[in-house]
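Structure first, commentary second.
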Amino acid sequence: METGKYNKLKVIKSVDFGVYLDGGDSTEILLPRRYVPQNLAVGEEIEVFIYHDNEGRLIATTDRPVGTVGEFVFMSVRDTSAAGAFLDWGLMKDLLVPFREQKTAMVKGERYLVHIYSDFITKRIVASSRIDKFLDNIPPAYSKNEEVDLLIADKTELGYKVIIDNLHWGLLYHNEVFGRISIGEKCKGYIKEIRTDDKIDISLYPLGYDKVYPLSKKIMEILDKNNGYLPVNDKSDAKEICSLFSCSKKSFKKAIGSLYKRRFIVIENDGIRKSQS
């Protein structure tokens, strides 16, 4: 059983106010009645999230929080007090960011990037906006072109700062982004290069798609000039595609496939449309 994460636990006892789950080492964890699915029986397993209630007791829920221990997420401040800032975690109990873990004083109603972790001393789940101390603590051990999970964390003059696999900082350059991308968005990416100083350059596309980048950008620009819609798609005639984009049908299909995967466009029966999401 891991606190601050999802666990599949067995029901060992049913009571009027819920069921008790087997947390291991003779630990019984309450799943309150409002979270108990109908017909859940003793001996069956259920996936739950484990955290501490206001009295510090372990408790289970089937609600899904914004993030779990070890993750970086954006959350809004619900309230502040002498103890620190309380974030809207998506659970009945808010998530505390102690004052010592605030990079700048947090303001009610504002949204911040934080890291969720288990405090070494209190064992309670808390968050920190001092992001740098949780990243780049181990050498990057990625292969070129390896697929990784990204969180778009910030925008700079060079491009977007991204968090890679909840472990490292990376950089996604502006000239390799075609279409809308949002701070806080989670997506897949690819290791482009690990520099001698261990800084990591990221691509949204697998390496080898270099020739697709200019075409993808051209497609997005032409879409913008035509109110976000073009009456061509992967089923269109090769001559029509060539006249519009000066490329082969194969290159066009690869480009719109990449744009579709990144949710920059929607492929419709009669054409392609710029995504509004």
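The values are calculated or read from the model by the stated rules, or taken from the named source; none is laboratory data. In this text, all values refer to a predicted model and were calculated from it rather than measured experimentally. Cβ coordinates were reconstructed from backbone atoms using ideal geometry, including for glycine residues, and neighbour counts include every protein chain displayed. Heavy atoms of the whole protein, side chains included, go into the accessibility calculation; ligands, DNA and RNA do not. Shrake-Rupley method; radii C 1.70, N 1.55, O 1.52, S 1.80 Å.
Tell me which residues, restricted to region 44-58, are farther than 19 Å from A127 by Cα and either assigned to a strand (DSSP E or B) or touching a helix residue (DSSP H, G or I) at 6+ places or on another chain (Cβ under 8 Å) (or both). Before you say what the answer is, go through the steps one by one.
Start the filter on region 44-58 by keeping residues that are farther than 19 Å from A127 by Cα, which leaves 44-48.
Hits for region 44-58 are E45, I46, E47, V48.
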(message) Just to be sure before I move on: is K218 part of a helix (DSSP H, G or I), of a type outside the set (S, T, Y), open to solvent by 50 Å² or more (accessible area, probe 1.4 Å) and at pLDDT 85 or above in the structure I sent?
(response) yes
(request) Assess whether G70 counts as being open to solvent by 10 Å² or more (accessible area, probe 1.4 Å) and either touching a Cys at 6+ places or on another chain (Cβ under 7 Å) or assigned to a loop (DSSP other than H, G, I, E, B) (or both). (result) yes
(request) Run down S248, S203 and say which single residue is of a type in the set (S, T, Y) and under 27 Å from the mean Cα position of the chain (by Cα). (result) S203
(message) If I filter region 187-194 for residues that are assigned to a helix (DSSP H, G or I), touching a residue at least 40 places away in the same chain (Cβ under 8 Å) and either open to solvent by less than 60 Å² (accessible area, probe 1.4 Å) or under 30 Å from T3 (Cβ atoms) (or both), do I get at least one hit?
(response) no
(message) Condition first: over 18 Å from K188 (Cα atoms) and touching a Leu at 6+ places or on another chain (Cβ under 7 Å). Now tell me which residues in region 263-277 satisfy that.
(response) G271, I272, K274
(message) I'd like the residue in region 135-177 that is touching a helix residue (DSSP H, G or I) at 6+ places or on another chain (Cβ under 9 Å), aliphatic (A, V, I, L, M) and under 24 Å from K217 (Cβ atoms) and, out of all such residues, is least open to solvent (accessible area, probe 1.4 Å).
(response) A153
(message) Can you pull out every residue in region 246-277 that is assigned to a helix (DSSP H, G or I), buried (at least 19 other Cβ atoms within 10 Å of the Cβ) and modelled with pLDDT under 85?
(response) S258
(message) Of everything in region 232-245, what is open to solvent by 90 Å² or more (accessible area, probe 1.4 Å) and hydroxyl-bearing (S, T, Y)? Give them in sequence order.
(response) S243
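Kindly evaluate D132 against the criterion of being assigned to a helix (DSSP H, G or I) and either surrounded by 13 or more Cβ atoms within 10 Å (Cβ to Cβ) or out of contact with any Leu (no Cβ under 8 Å at 6 or more places or on another chain) (or both).
Numbers: assigned to a helix (DSSP H, G or I): yes; either surrounded by 13 or more Cβ atoms within 10 Å (Cβ to Cβ) or out of contact with any Leu (no Cβ under 8 Å at 6 or more places or on another chain) (or both): yes.
Spelling it out, D132 is indeed assigned to a helix (DSSP H, G or I) and either surrounded by 13 or more Cβ atoms within 10 Å (Cβ to Cβ) or out of contact with any Leu (no Cβ under 8 Å at 6 or more places or on another chain) (or both).
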